[in-house]
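The values are calculated or read from the model by the stated rules, or taken from the named source; none is laboratory data. Nothing here was measured: the structure is a model prediction, and the numbers come from that model. Heads up, the Cβs are rebuilt from the backbone with ideal geometry, glycines too, and the neighbour counts pull from every protein chain shown. Just the protein is used for accessible areas: all its heavy atoms, side chains included, with ligands, DNA and RNA removed. Shrake-Rupley method; radii C 1.70, N 1.55, O 1.52, S 1.80 Å.
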Amino acid sequence: MKKILIYGDSNTWGDNFITGERIPDDKQWPHILKAKLVEEVIENE
């Protein structure tokens with residue numbers, strides 16, 4: 001099983017700096033990566 005650890009910041013958390021709100025989970029790149037490439041993505045939040 002492939003695993004990727006994403007150690008990030010507001011970009012990986014889904015922060016929208018323009019509106020101050022969080023980007024929906026299905027639009028965040030770690031979630032898209034998980035859906036397309038690997039079985040498990042671990043986010044450091």
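Key figures
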| quantity | calculated |
| --- | --- |
| Of all residues in the range 1-29 being in a helix (DSSP H, G or I) and at pLDDT 85 or above, the one that is most open to solvent (accessible area, probe 1.4 Å) | 27 |
| Residue, modelled with the lowest pLDDT, within the range 30-45, restricted to residues that are hydrophobic (A, V, I, L, M, F, W, C) and loosely packed, with under 13 Cβ neighbours inside 10 Å | 38 |
